[in-house]
1. Taking the Cα atoms only, what angle lies between the long axis of helix 2-22 and the longest principal axis of the chain, rounded to 10 degrees?
2. Divide by every residue of the chain the summed helix terms, -39500 (n - 2.57) for each DSSP H run of at least 4, and state the resulting mean residue ellipticity at 222 nm, rounded to the nearest 500 deg cm²/dmol.
3. Given a cut-off of under 8 Å on Cα pairs at least six residues apart, what relative contact order in percent is computed for the chain?
4. Nearest 10 degrees, 0 to 90: what angle lies between the long axis of helix 41-87 and the longest principal axis of the chain (Cα atoms)?
5. What is the order of 1, 6, fewest Cβ neighbours within 10 Å to most?
6. How long is the stretch 20-80 along each principal axis, judged by its Cα atoms, biggest number first, in Å?
7. Using a/c under 1.5 as the rounded threshold, could you call the chain rounded, prolate or oblate? The axes a ≥ b ≥ c are square roots of the C-alpha gyration tensor eigenvalues, and prolate needs a/b larger than b/c, oblate otherwise.
8. With the contact rule set at Cα under 8 Å and sequence spacing of 6 or more, what percent relative contact order holds for the stretch 20-80?
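Bear in mind that the values in this text are calculations on the coordinates, not laboratory data. Everything numeric here is computed off the predicted structure, so don't read it as measured data. Cβ coordinates were reconstructed from backbone atoms using ideal geometry, including for glycine residues, and neighbour counts include every protein chain displayed.
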């Protein structure tokens, strides 16, 4: 299985290198104030890929952190609930005594 994983990454690196060599052209980008920046196309595509990937990774990391915090809180609550029942005998709750009826005037 390790061989297939390595083969996949080598194939992906070869395709990326072939794409880069085949599209090594400069692309003009208009900036604020009439400035023009000449950027290589593979670099521009890599930067736009990162521009979409980084916010998604941050959101996913935050969601995992929130879920981990909720799981830890639930585990602490479960541990506290089981600790209270294990320390003493379990008392069966009885029904509450009925309230006396007060006459209304």
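1. So the inclination is approximately 50 degrees.
2. After summing the helix terms and dividing by the residues of the chain, the value is -23500 deg cm²/dmol.
3. It rounds to 12 percent for the chain.
4. Around 20 degrees separate the two axes.
5. The most exposed by this proxy come first: 1, 6.
6. Computed over the Cα atoms, the extents are 64, 32, 7 Å.
7. Judged from the Cα gyration tensor, the chain comes out oblate (a/c at least 1.5, b/c at or above a/b).
8. Across the stretch 20-80, relative contact order equals 20 percent.
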